[in-house]
Amino acid sequence: MGLMDKLRGELVDIIEWLEDSRTLLAWRFPRYQNEIKQGAQLIVREGQMAIFVYQGQLADTFGPGTYTLNTQNLPIMSTLQGWQYGFNSPFRSEVYFVNTRPVTDLRWGTPNPITLRDPDFGMVQIRANGLCIIRVIDPVIFLRQVIGTDSQVGIDEITELLRREISQGFSDMIMSTGLGAIDLQGRQAELSAKLAEIVRTRVDDEFGLGIDSITMNVSLPEEITQAMTRGVAKGVEEQGWINQIKDMNRYQQAKQADAMTTAAGNPGGGMGEAMGAGIGFGIAQQMASQTTATPAPPPLNPSGQSFHVELNGQAAGPYTMEQLSSMASAGQINPNSQVWAPGMAGWLPASQVGPLSQLFQTPPPLPGEGAQAR
């Protein structure tokens, strides 16, 4: 190798970005007076994109790979600088590296509570927060709209921009769905995907950013949380009362079975023992009637209150008793349809909810109707 070849080898530059931080989205390669020598090696790693800028104009872009810079792989730069038969060394250009890997730790939250009209609680103020995963999907748009002339751009510089877009998208979404506060909490996974799609359409073309996913957690006011807690406690108390009645019935049935077994095994006892067993049955029946006559707890759903109904796997409503009566007549709901209203511990079949069970009762046959049929 001659002396000139050795000197030319020493003058070859290596242009690369070794930054391993996921929070840095763009970085400008530092060059003295932005001079790049002929034959420089450009190394673009996976998850990066390199963009050449000449006198404020976007020139050539490079994806992952290793390149030797010449007129063949710098066609736009050659046109901008008037190279016809090869370029002179050195030449001036800015080189920006853009990180295209996902950024996973962007947190967002609504800066102010959002007011919505809830069918059960009236006007309610809610908040939301969560995580957002983003990435640069169009480095050219990102360079024009976000980087500008900055030497580097971190996630902090676009965090407020994205938080504002997500919060506005969340507000627009809940206003368009018309869901109540409790329904919002119950459908957070579905609504998170919808929110991600809304934000994606707003930041894609405008900033060159892509939204991989958004998680969402809806926070309800303290008074609503307390009301829901009281409703759960009330439901547990009522369920305990029902279990006590069931246990008493089982006890009575067991005593009756024991009395019948004793009578069957003692034929010499005669009519007296049979009467004793009958008296025992009477006492058991009297105890059962007294037990069932115990004043019932207040109904789960006062008159005039509405119910939510499960229709096709989705919570619908609320519906008034008049509307539910029409739906029962039309076959839209049946005794097994799941229903819920404020104050209930959870969803129950309609046949187990006092005010609704009457919708599915059918009248017994008229006296003598069976005889007439014979």
Quick check on the exposure proxy: order 337, 329 from fewest to most C-beta atoms within 10 angstrom.
329, 337
In terms of modelled amide H atoms, which long-range or inter-chain residues lie less than 5 Å from the amide H of residue 311?
316
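Translational D (Stokes-Einstein, µm²/s) of the stretch 307-358 at 10 °C and 1.306 mPa s when Rh comes from the Kirkwood sum over C-alpha pairs?
Values: Rh = 10.8 Å.
In µm²/s, the coefficient is 147.
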In whole Å, what are the extents of the stretch 10-99 along the principal axes defined by its C-alpha atoms, from largest to smallest?
41, 30, 24
On average over all directions, what projected area in square nanometres does the stretch 95-209 have, based on the convex hull of its Cα atoms?
7.4
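Bear in mind that the values in this text are calculations on the coordinates, not laboratory data. Note that this is a predicted model, so its numbers are computed, not measured. Virtual Cβ from ideal backbone geometry, glycine too; neighbours counted across all protein chains shown.
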